[in-house]
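What follows draws every value from the coordinates through simple rules; no lab data is involved. Quick caveat, the model's predicted, so the values are computed rather than measured. Because the Cβ atoms are built from the backbone with ideal geometry, glycine has one as well, and the counts that use them run over all protein chains shown.
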Amino acid sequence: DAGVIQSPRHEVTEMGQEVTLRCKPISGHDYLFWYRQTMMRGLELLIYFNNNVPIDDSGMPEDRFSAKMPNASFSTLKIQPSEPRDSAVYFCASSLAGQGYEQYFGPGTRLTVT
Amino acid sequence: GDSVTQMEGPVTLSEEAFLTINCTYTATGYPSLFWYVQYPGEGLQLLLKATKADDKGSNKGFEATYRKETTSFHLEKGSVQVSDSAVYFCALSPYNFNKFYFGSGTKLNVKP
C-alpha cells in the first residue's frame, strides 16, 4: 500500500487567503485524524472521522477551520481566512477500528502563512 | 481524563550509550500503549506497541514493557546509534476507542 498521502507537501500563502489541505487515507481504514504540530503547542488533534462521519471536532481552533470527508478515500482540511498563527505542519493519519490498532501518519503539509 | 507524561528533552547521548525515555500514563480500564518516532521532516512512524499488561513491545533494538502497577511504558535501547537521533512520542489509546493521547515528545541527539 502507498500509505497515507497528503498534498501539498508545502504551502506558502498570504494572510487572508483560503488554504485547502488534502489527505488520502490507507484503503480499508475506518478512522481518519487531522493533527497540527507546532514547536509551541506540540502535536494537537484537530478532528477525527469514523466511516466518513465527524466524531469529535473539539480540537478545531476556530470557525475558520473546517474539515470534510466526502468519501472513504478523501478528506480535506480548509482554513478560511488563513492567519500567520496557522503556520504549522498538518498531519493526516488513518487507522483500522478496534483495540490496539496503530495510527498511520502521512508525511505532513508544512503551511506557512505570511 | 486520559493522558501521557514523558520526560522532557532534549536528551543527548554518545554513540553506544544506553537509552531510557520515561513515559507514564493515566487511563481508565486497559489502554493500548505505543511509541512513535519522528525523523526530521517526516511524519510519525510506529516504533513499537503493547496492548495488555506485562506485554513487551520491541523493534530495531528498542524495547518497552507495559507496567500496569506503575502505569509506565519506558522506552529503552542498549546501544544507541547516530541514526536514532529523532523525536520520540509515547501515546495511549483507551480501551475500545481509537482516539490517541500523545505525550509532548522527547528529542534524542546521539553524538558520534
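Please specify each residue of region A:10-43 satisfying the condition of being loosely packed, with under 12 Cβ neighbours inside 10 Å and outside any strand (DSSP E or B).
The answer is A:Glu14, A:Gly16, A:Glu18, A:Ser27, A:Gly28, A:Met39, A:Met40, A:Arg41.
Which members of region B:95-110 meet the condition of being assigned to a loop (DSSP other than H, G, I, E, B) and closer than 11 Å to B:Gln6 by Cβ?
Within region B:95-110, B:Gly103, B:Ser104, B:Gly105 meet the criteria.
Just for strands (runs of 3 or more DSSP E) wholly inside region A:67-114: which have at least 1 residues that are farther than 20 Å from A:Asn52 by Cα?
Where strands (runs of 3 or more DSSP E) fall fully within region A:67-114 and carry at least 1 residues being farther than 20 Å from A:Asn52 by Cα, they are A:88-95, A:109-113.
Looking at the structure I just gave you, is A:Arg41 within 11 Å of chain B (Cβ to nearest Cβ), farther than 16 Å from B:Phe100 by Cα and not β-branched (Val, Ile, Thr)?
Yes, satisfied.
Rundown of residues vs (1) among the hydroxyl-bearing types (Ser, Thr, Tyr); (2) within 14 Å of chain A (Cβ to nearest Cβ), yes/no style:
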position: B:Pro10; (1), (2): no, yes
position: B:Leu13; (1), (2): no, no
position: B:Leu19; (1), (2): no, no
position: B:Cys23; (1), (2): no, no
position: B:Thr51; (1), (2): yes, yes
position: B:Asn59; (1), (2): no, yes
position: B:Arg67; (1), (2): no, no
position: B:Glu76; (1), (2): no, no
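Working only within region B:25-80, note down all residues that are touching a residue at least 60 places away in the same chain (Cβ under 8 Å), part of a loop (DSSP other than H, G, I, E, B) and not hydrophobic (A, V, I, L, M, F, W, C).
Across region B:25-80, the qualifying residues are B:Thr28, B:Gly29, B:Tyr30, B:Pro31, B:Gly78, B:Ser79.
A quick yes/no check of all residues on (1) buried (at least 21 other Cβ atoms within 10 Å of the Cβ); (2) within 14 Å of chain B (Cβ to nearest Cβ); (3) among the small types (Gly, Ala, Ser):
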| position | (1), (2), (3) |
| --- | --- |
| A:Pro61 | no, no, no |
| A:Arg64 | no, no, no |
| A:Glu83 | no, no, no |
| A:Asp86 | yes, no, no |
| A:Cys92 | yes, yes, no |
| A:Arg110 | no, yes, no |
| A:Thr114 | no, no, no |
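Only one of these is touching a Gly at 6+ places or on another chain (Cβ under 8 Å) and either free of Cβ contacts under 8 Å to residues at least 12 places away in the same chain or under 26 Å from B:Pro94 (Cβ atoms) (or both): A:Ile55, A:Ile26. Name it.
Result: A:Ile26 is the single residue among A:Ile55, A:Ile26 that is touching a Gly at 6+ places or on another chain (Cβ under 8 Å) and either free of Cβ contacts under 8 Å to residues at least 12 places away in the same chain or under 26 Å from B:Pro94 (Cβ atoms) (or both).
So, in region B:96-112, of the ones that are more than 15 Å from the chain's Cα centre (by Cα) and more than 8 Å from every other protein chain (Cβ to nearest Cβ), which residue ends up surrounded by the most Cβ atoms within 10 Å (Cβ to Cβ)?
Out of the qualifying residues, it is B:Val110.
Here is a check on your reading of the model: is A:Tyr48 among the hydroxyl-bearing types (Ser, Thr, Tyr), in contact with a strand residue (DSSP E or B) (Cβ under 8 Å, 6 or more places away or on another chain), under 13 Å from B:Asn98 (Cβ atoms) and without any contact (Cβ under 8 Å) to a residue 60 or more places away in the chain?
Taking the combined requirement at face value, the residue satisfies it.
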